[in-house]
Amino acid sequence: MPRERPLQRARPEPAHARLTAPAPFFSLRGDMEKQMPAIVHQFMCLDDNFGVLVHDSVTGATASIDVPEGAPVLNALSEIGWTLTHILVTHHHKDHIGGVDEVRRRFPDVEIIGPAPDRARVPGAHRYAGEGDVVKVGALSARVIETPGHTSGHVCYHFYADGLLFAGDTLFAMGCGRAFEAPAQVLYSSVMKLAALPDDTRIYCGHEYTLSNARFAIKVDPDNPRLRERLVEVERLRAAGEATLPTTMALEKATNPFLRAADPALRKAIGMETAADADVFAELRERKNKS
């Protein structure tokens with residue numbers, strides 16, 4: 001096992017690095033959106049996990065964000081003709097790291113970067129990255145954001161110059177992960193940390209949960225016209241067998257109830273007009289758990 005190498009610390013994000021993303025094209029079989037130098041390829045793994053590859057078109061470096069399942073990742077790499085150079089792990093759950101060993105056998109030189117807060121449960125990484133560290137994939141740079149809640153050691157990867165966020169199971173389209181290993185209030189702090197990213201940030205999540213999330217969201221935020229429109233669009237996409245991701249931070253702020261705990265209309269709808277924002281979030285998470 002190679003000795004761990006120190007990671008860069010993130011510098012403040014320059015204003016000119018915030019890029020406006022083109023409208024994405026979705027396909028359940030896989031979609032590629034090109035924005036030089038990063039190319040993102042998304043495809044399905046297991047029952048409802050997303051596999052995601054991030055490719056640097058300048059150097060040819062390619063990262064897999066987690067490896068839910070080995071075969072789909074290897075097939076995607078073969079079909080596109082990319083060589084895997086990195087695996088960026090968000091958290092320890094098996095449906096996110098279950099395919100790592102199979103992929104590593106095919107690409108023995110791949111560099112695995114794990115979450116520093118969870119070293120013990122993500123063994124075998126070459127490096128571990130925590131809050132503020134920067135990981136490089138060729139010429140691409142990702143800032144690590146620690147987001148405890150779903151697991152105590154969960155991290156997200158923000159490719160700030162390309163306007164890309166890989167949120168794992170912390171934030172979903174119109175939803176968030178279950179608070180398995182920390183109080184819901186801790187998860188609330190994590191999702192609000194992500195909400196502070198630029199509105200045009202494109203968000204890739206770990207699962208295709210959007211339709212069920214939308215149906216829950218409309219129950220707790222029934223007077224939100226943007227949410228009603230989005231529910232119709234999501235139903236159309238899923239009926240056509242198309243993926244609902246990526247989303248954007250602006251769209252999530254408008255329609256994701258877990259980012260809207262301070263909204264007066266939502267608070268009134270659930271009878272918590274005077275509660276603290278974190279407590280509203282906790283109530284929403286509990287209701288979603290039971291839905």
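The values are calculated or read from the model by the stated rules, or taken from the named source; none is laboratory data. Computed from a prediction, not measured in an experiment: that's the story for all the values here. Because the Cβ atoms are built from the backbone with ideal geometry, glycine has one as well, and the counts that use them run over all protein chains shown.
Each residue in segment 100-153 was checked for being on the phi > 0 side of the Ramachandran plot and surrounded by fewer than 17 Cβ atoms within 10 Å (Cβ to Cβ), and 2 pass. Taking segment 197-233 as the search range and keeping residues that are closer than 25 Å to LYS268 by Cβ and among the aliphatic types (A, V, I, L, M), which one is surrounded by the most Cβ atoms within 10 Å (Cβ to Cβ)? So the residue we want is ALA217. The residue that is farthest from TYR209 (Cα to Cα), among those in segment 57-75 that are out of contact with any Ser or Thr (no Cβ under 6 Å at 6 or more places or on another chain) and surrounded by 23 or more Cβ atoms within 10 Å (Cβ to Cβ), is ALA63.
All told, LEU227 falls short of being in a helix (DSSP H, G or I) and touching a Phe, Trp or Tyr at 6+ places or on another chain (Cβ under 9 Å). Restricting segment 77-92 to residues that are under 16 Å from GLY206 (Cβ atoms) and of a type in the set (A, V, I, L, M), the residue that is farthest from the chain's Cα centre (by Cα) is ILE87. What do you reckon, is LEU227 touching a residue at least 24 places away in the same chain (Cβ under 8 Å) and closer than 24 Å to CYS156 by Cα? For LEU227, the condition - touching a residue at least 24 places away in the same chain (Cβ under 8 Å) and closer than 24 Å to CYS156 by Cα - is not met. Of all residues in segment 174-196, those satisfying the criterion of being touching a residue at least 12 places away in the same chain (Cβ under 8 Å) and surrounded by fewer than 19 Cβ atoms within 10 Å (Cβ to Cβ) are ARG178, PHE180, GLU181, ALA182, PRO183, GLN185, VAL186, SER189, MET192, LYS193, ALA195. For THR62, the conditions (1) under 29 Å from VAL234 (Cα atoms); (2) at pLDDT 50 or above all hold with the exception of (1). Any chance segment 10-24 includes a residue that's surrounded by 14 or more Cβ atoms within 10 Å (Cβ to Cβ), closer than 25 Å to HIS96 by Cα and at pLDDT 50 or above? No: zero hits. Can GLU273 be described as in contact with a helix residue (DSSP H, G or I) (Cβ under 8 Å, 6 or more places away or on another chain) and crowded, with 22+ Cβ neighbours inside 10 Å? No.
Within segment 239-250, the set of residues being surrounded by 17 or more Cβ atoms within 10 Å (Cβ to Cβ) and not in a loop (DSSP other than H, G, I, E, B) comprises THR247, THR248, MET249. Could you tell me whether segment 122-129 includes any residue that is in a helix (DSSP H, G or I), more than 28 Å from VAL58 (Cβ to Cβ) and not polar (S, T, N, Q)? So far as segment 122-129 goes, no, none of its residues is in a helix (DSSP H, G or I), more than 28 Å from VAL58 (Cβ to Cβ) and not polar (S, T, N, Q).
Run down LEU187, LEU194 and say which single residue is part of a helix (DSSP H, G or I) and in contact with a strand residue (DSSP E or B) (Cβ under 6 Å, 6 or more places away or on another chain). Exactly one of LEU187, LEU194 is part of a helix (DSSP H, G or I) and in contact with a strand residue (DSSP E or B) (Cβ under 6 Å, 6 or more places away or on another chain), namely LEU194. For segment 55-76, the set of residues classified as over 11 Å from VAL137 (Cα atoms), more than 20 Å from the chain's Cα centre (by Cα) and not hydrophobic (A, V, I, L, M, F, W, C) consists of ASN75 only.
Considering segment 169-184, and only residues there that are in a loop (DSSP other than H, G, I, E, B) and among the small types (Gly, Ala, Ser), the residue that is farthest from ARG285 (Cα to Cα) turns out to be ALA173.
Checked against the criterion of being under 28 Å from ALA161 (Cβ atoms) and modelled with pLDDT of 95 or more, segment 211-228 contains not a single residue that satisfies it.
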